[in-house]
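A short write-up of the structure that comes next.
Taken together, the values in this text are just the output of simple stated rules run on the coordinates, not laboratory data. Quick caveat, the model's predicted, so the values are computed rather than measured. Using ideal geometry, Cβ is built from the backbone for each residue, glycine included, and neighbour counts are taken over all protein chains shown.
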Amino acid sequence: MKLIYEKSIKGRRGFRLPKALASKKCDLPKKYQRVKDPDLPEVSELDCVRHFTNLSRMNFSVDSNFYPLGSCTMKYNPKFTEKALKLEGFLELHPLLPQLLGGGMLAQGSLEVIYETERLLCEITGMDAFTMQPLAGAHGELTGAMLIAAYHKHKGSRRKYVIVPDSSHGTNPASAAIAGYEVIVVRSDKDGCMDIGAFKEKLNEDVAAVMLTCPNTLGIFNPRIKEIADLAHKAGALMYYDGANLNAMMGKCRPGDLGFDVVHLNLHKTFGTPHGGGGPGAGPVGVNDRLVQFLPISKVSKRDDGTLYLDYNNPKSIGYIAPFYGNFAVILKAYAYMLLLGKEGLTEVSEYAVLNANYCMKLLKDHYELSYDRTCMHECVFSASRQADKGVHAIDIAKYLIDKGFHPPTIYFPLIVKEAMMIEPTETESKETIDEFIAAMIEIAKLTESDPQVIKDAPQKAPVKRLDETKAARDLNLRFKGSP
Ligand SMILES: *Cc1c(COP(=O)(O)O)cnc(C)c1O
């Protein structure tokens, strides 16, 4: 006999209005009101739990395995942030809920979360104001590039170019191009930093901005940022900081103090909110006072009486980039994360992230080619070129790691490193876990010498065996035996 908890499921099925609203009479015109219950499919609680548990086990996740996917900051997402989200007042927030209802102030708490998060981010980055609206890092970059365009237009200058080093994240040139700019790529020097000589040659009065990923995709911090910022400002260009990887910098240095005018952060990387597979995310953009007037609408503002509201009144704004509250759940979890960790905790995050990456780098550099052998920040980038000479490529190493129970590092990126393997352990991993990963990487390096075919045939233990990649691309089939 199957016990079906039908009653409890049914009881929770409908959309529950907040108490203050539920007591109001429904004034929806009669013709739009539902006369009978919707015909939704029903399953028992057990079937439902099995379905989702099985789905979750088909995936690789931070909760199940080490996930050193460079540039993605796949840190553990602490569960207390989910608890904050489940507080009733947040859980039942609706975008159209009145911000002030007869003194009920139904959305005041949520508006306060956005308001306070903005202030904390200003403190962390040294910027003057933030928009919390962008829904991802790349969306933040596009917003930033549009702000830069608005700034130059306001000054009556028409600048055509954005300078991007070849070690930047791929979204940087893409965002600049979508905002209407032509992209000038500057090569890196032997230390993995933007070549200053080449940069000076490209810099002129037609350059609108210099976009720097910092630390760059080689995991390297450019010690000459101040000099670059001074040169750019002298030429009338603005400085853009891609801060998706703030995990190496928090509490240590602030983009605003380094001379940046615009910065975007990825709350879903640095501030511990879950992400992957394209979302959900939030890419707030911070600016200094030169650009505040162009920020998107809406913005949370405070009235004299202390109440908060979504402010749409900004004539010089670049306009809408997202509706309502932005990705509120992500903002709320990031806020909870910042409050719990505090200043000391956030600083420690950066310290451990950098320590763990350098630990990996040090223990692996006898076994893999290190293109830029210097202290790294939150990630280290190796090349599988030595292994490739024996027929084992970065993709083969990645597949073998799956059999060993690890998510592979990011491979073939950054583009300037041949056979790149970008390893970002993050601060949340134990030494034991990192040691196991290092042991697996060393095992691969040794197998390359003795039995390379074993690596080329991997994975063997994963639910899906080695795919014919060409066939997979041309004849995509996402179903396999065992799909629920
Ligand atoms: C992840 C990342 C981005 C893009 O962020 P999305 O949220 O994926 O759009 C941009 N820059 C850097 C350096 C990143 O690591």
**Asked** Equivalent-ellipsoid semi-axes (√(5λ), Cα gyration tensor) for the stretch 349-474, whole Å, largest first?
**Response** 24, 16, 14
**Request:** Check the straight Cα-Cα distances from Lys36 and name the lysines below 25 Å, setting aside those fewer than 8 residues away within the same chain.
**Result:** Lys7, Lys10, Lys19, Lys24, Lys25
**Fill in**
Reduced to Cα centres, the span from the stretch 428-484 to the stretch 35-107 in Å works out to 31 Å
**Item:** q = 0.16 Å⁻¹, the stretch 80-340: log10 I(q)/I(0) [Debye, one scatterer per Cα]
**Value:** -1.15
**Request:** Mind scanning Lys153/Lys299; Lys252/Lys431; Lys79/Lys446; Lys362/Lys399; Lys190/Lys365 and naming the pairs with a C-alpha gap bigger than 29 Å?
**Result:** Lys79/Lys446
**Prompt:** Any idea what the relative contact order of the chain is, in percent, if you count C-alpha pairs under 8 Å spaced at least 6 apart?
**Reply:** 18 percent
**Prompt:** Where the eigenvalues come from the Cα gyration tensor of the chain, what are the semi-axes √(5λ) of the equivalent ellipsoid, largest first, in whole Å?
**Reply:** 39, 35, 19
**Prompt:** Considering only DSSP states other than H, G, I, E and B, which chymotrypsin sites (Phe, Trp or Tyr not before Pro) in the stretch 42-111 qualify as loop sites with at most 14 other Cβ atoms within 10 Å?
**Reply:** Tyr76
**Item:** Ranking of Cys253, Cys72 by count of other Cβ atoms within 10 Å, fewest first
**Value:** Cys253, Cys72
**Request:** Can you list which of the trypsin sites (Lys or Arg not before Pro) found in the stretch 119-166 are DSSP loop residues with at most 13 other C-beta atoms within 10 Å?
**Result:** Lys155, Arg158, Lys160
